[in-house]
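We did not get these values from a lab; they are worked out from the coordinates using the rules stated. Computed from a predicted structure; not experimentally measured. When we count neighbours, we look across all protein chains shown, and the Cβ atoms used for this are built from the backbone with ideal geometry, even at glycine.
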Amino acid sequence: MESIKSITISDKAIRERCAIINPEVPDKYFREKKSLIVLCGHYNNWEYYAVGLAQQMQQKTKAAYKPLKNKFFNKVLLKSRERFGIKMLSMRDVPRYFAGNGHETTMTIMVNDQSPQNPRTAHWNTFLNQDTGWMKGAEKLAAKYDQSVLFGCIRKKKRGFYEVTFYPITDNPKEVPEGFVLDKHAEYLEMVIAENPQYWLWSHRRWKHKKPF
C-alpha cells in the first residue's frame, strides 16, 4: 500500500515519512566536491527511499535499477521515483554514466543484494550463515572513479514512517583490498536484518546459485 501511495505522495509528506537522520555525512562529501556511491538492500520501504531521498541531498542523486519486463509498469515506476529529483539509470547504462559525468558531484544509489548472474565472477563471503555471492560492479566503479562508499539504511520508525541513516564504508576505494567494500556492505546489511528480519525481501531468491569450487 505504501508503494502505491508513493505514486501520489506530496513532497512535504515524503520528507516527513522518509527522514534523513544524519545528512551531515553526505553533506561533508558535497562540500569536498567528492562523489558518492551509496549501497543498500531490499530492506523496508525502498520505494520511499527512492522517492524521498534526492530532494534532501545536495548532490545530484542517481539510482541504478533493473527495468521491468512490463513496459507499462516500468513507466509507472520511473514516473513515481523520479518525481522529486532522483534520476533512474538502467543497470546497463551505469558504466557509461560514470564514464561521462566525472565533472559532477553526485550520489549514486545501488541496491546490491540481488543474486549475481555469474557465480564464478562474483565475490563470495558468508552472509546470514550462507555462502553468498555479490556482484562486483559497485566496488569496481568506486575504485575506478575514486568515489567514497556509504551504506544507506532505511529503518521503520512506526507504521508509514521511516528513517535513513548513512554509515561509512571507505573513502579510499583504490587502496582497500578487493572485496572490502562488498564485505562491509554485507556486514551492515546483516546488522539491520538481524534487528528486524521481517523487513527484508526474503522472497527474491538470494541464494539461487551455489558457491563454485
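Taking TRP124 as the residue in question, decide whether it is surrounded by fewer than 19 Cβ atoms within 10 Å (Cβ to Cβ), over 20 Å from GLU2 (Cα atoms) and aromatic (Phe, Trp, Tyr). Against the criterion (surrounded by fewer than 19 Cβ atoms within 10 Å (Cβ to Cβ), over 20 Å from GLU2 (Cα atoms) and aromatic (Phe, Trp, Tyr)), TRP124 qualifies. The set of residues from the range 174-189 being buried (at least 17 other Cβ atoms within 10 Å of the Cβ) and under 23 Å from GLU163 (Cβ atoms) comprises LYS184, HIS185, ALA186, TYR188, LEU189.
Among strands (runs of 3 or more DSSP E) lying entirely in the range 87-165, which contain 3 or more residues that are over 13 Å from the mean Cα position of the chain (by Cα) and touching a residue at least 24 places away in the same chain (Cβ under 8 Å)? Spell out how you get there, then give the answer.
Values: elements: 87-90, 106-111, 123-127, 130-134, 148-158.
By residue number, 123-127, 130-134, 148-158.
When the range 47-82 is filtered for residues that are among the aromatic types (Phe, Trp, Tyr), surrounded by fewer than 22 Cβ atoms within 10 Å (Cβ to Cβ) and more than 28 Å from HIS103 (Cβ to Cβ), the ones remaining, listed by number, are PHE72, PHE73.
Here ALA50 passes the criteria (1) touching a residue at least 60 places away in the same chain (Cβ under 8 Å); (2) in contact with a helix residue (DSSP H, G or I) (Cβ under 9 Å, 6 or more places away or on another chain); (3) part of a helix (DSSP H, G or I) except the one numbered (1). Looking across the range 29-47, the residues that are over 16 Å from GLN114 (Cβ atoms) and in a loop (DSSP other than H, G, I, E, B) come down to GLU32, LYS33, LYS34, SER35, ASN44, ASN45. What about LYS75, is it out of contact with any helix residue (DSSP H, G or I) (no Cβ under 7 Å at 6 or more places or on another chain), part of a loop (DSSP other than H, G, I, E, B) and over 23 Å from HIS185 (Cβ atoms)? No.
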